[in-house]
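Chemist: Okay, here's the structure, questions in a sec.
The values are calculated or read from the model by the stated rules, or taken from the named source; none is laboratory data. Just so it is clear, the model here is predicted, and its values are computed rather than measured. Cβ atoms come from the backbone with ideal geometry, glycine included; neighbour counts cover every protein chain shown.
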Amino acid sequence: MSSLRLTAASLVLACSSMAPLFAAEGPTLVIRNHHFEPEEVMAPAGQKFKLIVRNEDATPEEFESKTLKREKVVKGHGEIVMNLGPLEAGTYDFVGEFHESTAKGRLVVR
Amino acid sequence: MWGIAVIVFREVLEAALIITIVMAASRGAQHRGRWVFGGVLLGLLGSLVLALIADRLAQAVEGVGQELFNAWVLLVAVGMLTWHSVWMQQHGREMARDMNQLGREVLEGQRPLHGLSVVVGLAVLREGSELILFLYGLVSAEEGGLMALFGGGGLGLLLGALVGLVLYFGLAKIPLRYFFSVTGLLILFLTAGLAAQAAAFLVEADWLPALGQGVWDTSEWLPEKSLIGQILHALVGYVDHPDGIEVLFYIGTLLLTHLMMRMVAHSSRPNPGHKGA
């Protein structure tokens with residue numbers, strides 16, 4: 001949506017005094033051998049951002065986080081984007097539901 | 001195998017409960033089995049197609065195609081259920097009163113069972129495509145072998161169906177006098193729950209504001225992912241830490257449907273074709 005981009009652009013303008021600037025793209029998670037890489041990603045508090053999950057395994061995975069209220073399937077060799085935030089500072093755990101014993105990670109918001 | 005069964009069970013449960021409620025609510029209706037079965041079949045076919053185009057759908061509309069699709073599917077189901085509730089309010093009493101077999105059949109023929117069929121189909125569609133992707137992934141990766149796949153998949157499916165059956169026969173124990181009041185209420189809360197889910201997807205797509213995250217948080221007491229939590233989520237839309245907009249959609253749907261039902265109840269009372277009660 002262009003309105004979103006506009007919002008992102010105005011945010012960038014508004015925060016231009018603060019460096020480094022937060023890109024509109026946001027953090028990226030890669031799934032490899034049923035593990036998230038990295039297992040910890042950072043995001044800014046109080047603003048919207050996108051979380052990208054790229055699956056490099058051949059098997060599908062379901063990104064799931066109770067605290068983030070998200071559940072989304074990533075096909076094998078697929079990629080998804082999630083619109084998140086604005087979030088309060090804190091740690092938000094997530095798992096890959098299809099391989100819950102290995103695929104674990106957390107999003108640190110501050 | 002057990003892990004596969006649990007995942008399949010989770011995906012199947014919501015659809016199984018919706019099918020159960022629809023079956024109960026349409027008790028005594030002609031050809032309801034055919035409508036429900038047709039809905040399931042169409043839902044499965046749709047799931048296959050959806051699984052095939054999952055990638056393209058996920059990447060559509062700047063990555064929120066899946067969320068928007070889910071939201072619209074849910075809203076269509078909400079519309080169909082509301083229609084059915086209002087129709088039943090308008091004609092349910094006449095139907096129960098009308099001893100004339102022919103009159104009953106004519107009324108039954110007009111009952112929007114196809115609406116319920118669509119609701120069933122859409123419920124299967126939403127969970128089915130995820131399930132197909134999951135199972136297909138297992139087959140292609142040969143994780144744990146085919147035995148685990150069929151054993152786990154079959155077990156999960158069976159458990160989901162079992163919960164539906166238990167609910168169905170539990171409902172069937174309700175005396176007939178209250179039966180349709182209960183199923184009517186169940187449909188009403190189901191509708192509200194689906195509307196709230198639609199709102200959640202629209203928030204995920206960034207089309208609606210969340211209006212406050214976590215209006216309450218009962219995830220310690222009754223996690224949504226627990227068995228009871230999941231059953232309540234499917235039946236009455238229980239969410240352990242809802243956004244403000246979910247609560248708003250939930251209450252709004254209840255109020256709006258209630259209002260429409262009251263309106264038709266008033267307008268259908270002075271029906272000249274009928275003897276008084």
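Chemist: Yes or no: B:GLY39 buried (at least 17 other Cβ atoms within 10 Å of the Cβ) and within 13 Å of chain A (Cβ to nearest Cβ)? Don't jump to the end; show me each part of the working.
Modeler: Numbers: buried (at least 17 other Cβ atoms within 10 Å of the Cβ): yes; within 13 Å of chain A (Cβ to nearest Cβ): no.
So B:GLY39 does not fit the description; no.
Chemist: Determine if region B:52-66 includes at least one residue that is more than 14 Å from chain A (Cβ to nearest Cβ), in contact with a helix residue (DSSP H, G or I) (Cβ under 8 Å, 6 or more places away or on another chain) and small (Gly, Ala, Ser). Reasoning before the result, please.
Modeler: To start, the set of residues in region B:52-66 that are more than 14 Å from chain A (Cβ to nearest Cβ) comprises none.
No, there is no match, as no residue in region B:52-66 is more than 14 Å from chain A (Cβ to nearest Cβ), in contact with a helix residue (DSSP H, G or I) (Cβ under 8 Å, 6 or more places away or on another chain) and small (Gly, Ala, Ser).
Chemist: Of all residues being within 8 Å of another protein chain (Cβ to nearest Cβ) and of a type in the set (A, V, I, L, M) in region A:53-73, which is farthest from the chain's Cα centre (by Cα)? Just the residue, please.
Modeler: Here the residue is A:ALA58.
Chemist: Another question, then. Scanning region B:113-158 for residues that are of a type in the set (Val, Ile, Thr) and away from chain A (no Cβ under 13 Å), which turns out surrounded by the most Cβ atoms within 10 Å (Cβ to Cβ)?
Modeler: Keep residues of region B:113-158 that are of a type in the set (Val, Ile, Thr), which gives B:118-120, B:124, B:132, B:139.
Cutting the leftovers down to away from chain A (no Cβ under 13 Å) gives us B:118-120, B:124.
Numbers: B:VAL118: 23, B:VAL119: 28, B:VAL120: 26, B:VAL124: 26.
If we take residues in region B:113-158 being of a type in the set (Val, Ile, Thr) and away from chain A (no Cβ under 13 Å), then B:VAL119 is surrounded by the most Cβ atoms within 10 Å (Cβ to Cβ).
Chemist: All but one of (1) at pLDDT below 95; (2) more than 30 Å from B:TRP87 (Cα to Cα); (3) not charged (D, E, K, R) hold for B:LEU158, so report the exception by its number.
Modeler: Answer for B:LEU158: the failing condition is (1).
Chemist: Take region B:202-235 and flag every residue that is among the acidic types (Asp, Glu), part of a loop (DSSP other than H, G, I, E, B) and in contact with a helix residue (DSSP H, G or I) (Cβ under 6 Å, 6 or more places away or on another chain). Break it down stepwise before answering.
Modeler: We begin by selecting, within region B:202-235, every residue among the acidic types (Asp, Glu); these are B:204, B:206, B:217, B:220, B:224.
Next, only the ones that are part of a loop (DSSP other than H, G, I, E, B) stay: B:206, B:217, B:220, B:224.
Within region B:202-235, just B:GLU224 meets the criteria.
Chemist: Give all pairs with beta carbons closer than 6 Å in which a residue from region A:61-90 that is within 20 Å of B:ILE53 (Cβ to Cβ) meets a residue that is aromatic (Phe, Trp, Tyr) and modelled with pLDDT under 90; count only pairs at least 6 apart in sequence or on separate chains.
Modeler: The qualifying pairs are A:GLU61/A:PHE98; A:GLU62/A:PHE98.
Chemist: Let me confirm something: among B:THR257, B:THR218, B:THR183, which residue is polar (S, T, N, Q) and touching a Ser or Thr at 6+ places or on another chain (Cβ under 6 Å)? Let's see the steps before the verdict.
Modeler: Details: B:THR218 fails: touching a Ser or Thr at 6+ places or on another chain (Cβ under 6 Å); B:THR183 fails: touching a Ser or Thr at 6+ places or on another chain (Cβ under 6 Å).
Checking each option against the conditions leaves just B:THR257.
Chemist: While we're on this one: When the residues of region B:186-225 are filtered to those that are more than 11 Å from every other protein chain (Cβ to nearest Cβ) and hydroxyl-bearing (Ser, Thr, Tyr), which remaining residue is farthest from B:LEU171 (Cα to Cα)?
Modeler: Result: B:THR218.
Chemist: Within region A:43-64, how many residues turn out to be among the small types (Gly, Ala, Ser), over 13 Å from A:TYR92 (Cβ atoms) and assigned to a strand (DSSP E or B)?
Modeler: As a first pass, look at region A:43-64 and keep what is among the small types (Gly, Ala, Ser): A:43, A:45-46, A:58.
Retained after the next criterion (residues that are over 13 Å from A:TYR92 (Cβ atoms)): A:46, A:58.
Still in the list and also assigned to a strand (DSSP E or B): none.
Adding up the residues that qualify gives 0.
Chemist: Going by what's in this entry, would B:ALA199 be described as at pLDDT 95 or above, buried (at least 18 other Cβ atoms within 10 Å of the Cβ) and either in a helix (DSSP H, G or I) or out of contact with any Phe, Trp or Tyr (no Cβ under 6 Å at 6 or more places or on another chain) (or both)? Step through it out loud before you land on a result.
Modeler: Values: at pLDDT 95 or above: yes; buried (at least 18 other Cβ atoms within 10 Å of the Cβ): yes; either in a helix (DSSP H, G or I) or out of contact with any Phe, Trp or Tyr (no Cβ under 6 Å at 6 or more places or on another chain) (or both): yes.
Here the answer is yes, as B:ALA199 does meet what is asked.
Chemist: Kindly establish whether B:PHE37 is without any contact (Cβ under 8 Å) to a residue 24 or more places away in the chain and under 30 Å from A:GLY76 (Cα atoms).
Modeler: On the way: without any contact (Cβ under 8 Å) to a residue 24 or more places away in the chain: yes; under 30 Å from A:GLY76 (Cα atoms): no.
For B:PHE37, the condition - without any contact (Cβ under 8 Å) to a residue 24 or more places away in the chain and under 30 Å from A:GLY76 (Cα atoms) - is not met.
Chemist: Residues of region A:80-110 being more than 8 Å from chain B (Cβ to nearest Cβ), assigned to a strand (DSSP E or B) and either closer than 21 Å to B:PHE201 by Cα or among the aliphatic types (A, V, I, L, M) (or both), which ones?
Modeler: A:LEU84, A:TYR92, A:ASP93, A:PHE94, A:VAL95, A:GLY96, A:LEU107, A:VAL108, A:VAL109
Chemist: Within region B:234-257, which residues are crowded, with 20+ Cβ neighbours inside 10 Å, under 18 Å from B:VAL78 (Cα atoms) and out of contact with any Gly (no Cβ under 7 Å at 6 or more places or on another chain)? So that I can check it myself, show each step before the final result.
Modeler: If we filter region B:234-257 for residues that are crowded, with 20+ Cβ neighbours inside 10 Å, which is where we start, we get B:234, B:237, B:239-240, B:242-243, B:245-246, B:249-250, B:253, B:257.
Pick out the ones that are also under 18 Å from B:VAL78 (Cα atoms) and you get B:234, B:237, B:239, B:245-246, B:249-250, B:253, B:257.
Answer for region B:234-257, where residues must be crowded, with 20+ Cβ neighbours inside 10 Å, under 18 Å from B:VAL78 (Cα atoms) and out of contact with any Gly (no Cβ under 7 Å at 6 or more places or on another chain): B:ALA234, B:VAL239, B:ILE245, B:GLU246, B:PHE249, B:THR253, B:THR257.
Chemist: Could you list, in sequence order, all residues of region B:56-92 that are of a type in the set (Lys, Arg) and within 30 Å of B:ARG104 (Cβ to Cβ)? Write out each step before concluding.
Modeler: So in region B:56-92, the residues of a type in the set (Lys, Arg) come out as B:56.
Of everything in region B:56-92, nothing turns out to be of a type in the set (Lys, Arg) and within 30 Å of B:ARG104 (Cβ to Cβ).
Chemist: I need the full set of residues from region A:30-52 which are within 9 Å of another protein chain (Cβ to nearest Cβ) and over 10 Å from the mean Cα position of the chain (by Cα), in order please.
Modeler: Of everything in region A:30-52, just one residue is within 9 Å of another protein chain (Cβ to nearest Cβ) and over 10 Å from the mean Cα position of the chain (by Cα), namely A:LYS48.
Chemist: Whether any residue in region B:172-181 is crowded, with 19+ Cβ neighbours inside 10 Å, at pLDDT below 95 and assigned to a helix (DSSP H, G or I) is what I want to check.
Modeler: Initially, region B:172-181 is screened for residues crowded, with 19+ Cβ neighbours inside 10 Å, giving B:180.
Retained after the next criterion (residues that are at pLDDT below 95): B:180.
Within this subset, residues satisfying the condition of being assigned to a helix (DSSP H, G or I) are B:180.
Scanning region B:172-181 turns up at least one residue that is crowded, with 19+ Cβ neighbours inside 10 Å, at pLDDT below 95 and assigned to a helix (DSSP H, G or I).
Chemist: Please state which one of B:ARG97, B:ARG10 is touching a residue at least 60 places away in the same chain (Cβ under 8 Å), buried (at least 16 other Cβ atoms within 10 Å of the Cβ), under 23 Å from B:LEU171 (Cα atoms) and of a type in the set (Lys, Arg). Explain how you work it out, then say what you get.
Modeler: Details: B:ARG97 fails: buried (at least 16 other Cβ atoms within 10 Å of the Cβ).
Only one candidate passes the filter, namely B:ARG10.
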